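Read-outs: derived from the displayed coordinates by stated rules, not from any lab. Please read all numbers here as calculations on a predicted model, not as lab measurements. Every residue, glycine among them, receives a Cβ derived from its backbone with ideal geometry; neighbour counts consider all protein chains shown.
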Amino acid sequence: MKNKYCFTIYHTRTDDDIEHYYQKLVKPGFFQGTEIFFPYQLNEEGRNNYQKYLTQLFKKTDLEKVLHLPHGKANNLATVNNIDDTLKRMVEAIDFANKFGIKKLTIHPGEIEPGVSYEEATAYSVKHIQYLADYCAPFQMNLMVENMNGRPELGVFPEEMVTLLKAINRPNVKATLDTGHAHVAKQNLRDFVLTLKDYLYHTHLSDNDQTRDAHGGIGTGTIDFSLFLSALKEINYQELLCLEILHKQGQELVPMAFVLDELTK
């Protein structure tokens, strides 16, 4: 398995930041993909600038591109509260991704609100992800449901993820496995990989000590990445390894990619 690395470009990044990513990560060939975000939090000028900076980057590279759909309590898919606004924002994000020809979209399944049962929340999540998957289908896009940290969020355990994906029952709905989330949830990463093997289409890599999703660098926490990478090799995983790690400058990610390469051997 030859690792393909991915870095994140948050909506707060500047033109200089993105040029730095190009010079230090992309141009030398260290990274092959990037995961961007729909900048709904920004005003019109901010959105236009983010789109312009990304357009300039993508014109001079053939990076594989992923978009992370809006998430968090304000974008909860496991509810009927404010769902029209949430789905509208999701559709806007999908349209934003389509401008760049993006085919892979990370999506959170949502969380259980007070007074709502697990079964009800799951049914809401399934219905709304089905709606978005059907919207994506004409664009040949795949939604990738991400595993989460713990309750009240959905999608915490491997078997739960598979049950959710089977209930959604759409060919363009896959899975993203986040190592940081799984570790906080005290899940065995090898078991998670093997359970999701028929759906796994993307990964988020970061480290932590199980107390919180710290988005720490490789080796700063207690995750056994050799175990994780061995499991990926076992299922012949060919997709991106996205370093979803907090950093000031992109060059900080390069040594972590080298460490992962060594662990893969």
tail above 17 Å in the computed P(r) of segment 128-203, as % of all Cα-Cα pairs, reads 40
Under the Karplus relation with 6.51, -1.76 and 1.60 and θ = phi - 60°, whole-Hz ³J(HN,Hα) for segment 69-76, x at Gly and Pro, equal 6, x, 9, x, 4, 6, 10, 7
Singleton cysteines, the chain, no second Cys beta-carbon under 4.7 Å -> CYS136
Yeah, segment 183-259 with a ≥ b ≥ c from its alpha-carbon gyration tensor (a/c under 1.5 is rounded, else prolate when a/b outruns b/c, oblate otherwise) is oblate
Two pseudo-spin positions, 7 Å from Cα along C-beta at ASN169 and at GLN249, lie apart in nanometres by 5.3
Over 19 Å (Cα to Cα) among LYS2/LYS233; LYS24/LYS233; LYS4/LYS65; LYS24/LYS248; LYS2/LYS103; LYS4/LYS166 -> LYS24/LYS233; LYS2/LYS103; LYS4/LYS166
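So what's segment 108-157 giving for Rg/Rh, alpha carbon basis, Kirkwood Rh from the mean inverse pair distance?
1.03
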A chain fully extended from ARG212 to ALA137 at 0.36 nm per residue, minus the present Cα-Cα distance, gains in nm 23.5 nm
Listed with the fewest Cβ neighbours within 10 Å leading, HIS215, HIS108, HIS247 appear as HIS247, HIS215, HIS108
Kirkwood-based Rg/Rh on the Cα set of segment 72-214 evaluates to 0.95
Distribution output for segment 72-128: share of Cα-Cα pairs per 10 Å bin in percent, first bin at 0, values 24, 48, 22, 6, 0
For segment 93-165, averaging the sequence separation of alpha carbon pairs under 8 Å that lie six or more residues apart and dividing by its residue count, the contact order in percent is 39
The FRET efficiency for LYS127 and GLU92, from their Cβ-Cβ distance with R0 = 22 Å and rounded to 0.05, is 0.65
Rounded to one decimal in Å, the inverse mean reciprocal Cα-Cα distance for the chain, i.e. its Kirkwood radius, is 18.7
If amide H atoms are modeled at 1.01 Å from N in the peptide plane, then the residues at a separation of 5 or more from TYR5, or on another chain, having amide H under 5 Å from its own are GLN32, GLY33, LEU241
Candidate cut points under trypsin sites (Lys or Arg not before Pro) in segment 12-92, DSSP loop plus at most 15 other Cβ atoms within 10 Å of their own Cβ, are LYS60
Pseudo-spin-label distance GLU119 to SER230, built 7 Å along Cα→Cβ, given in nm, is 4.1
From fewest to most C-beta neighbours within 10 Å, the residues PHE96, PHE139 line up as PHE139, PHE96
With -39,500 (n - 2.57) per DSSP H segment of 4 or more residues and division by the full residue count of the chain, the 222 nm estimate, nearest 500 deg cm²/dmol, is -12000 deg cm²/dmol
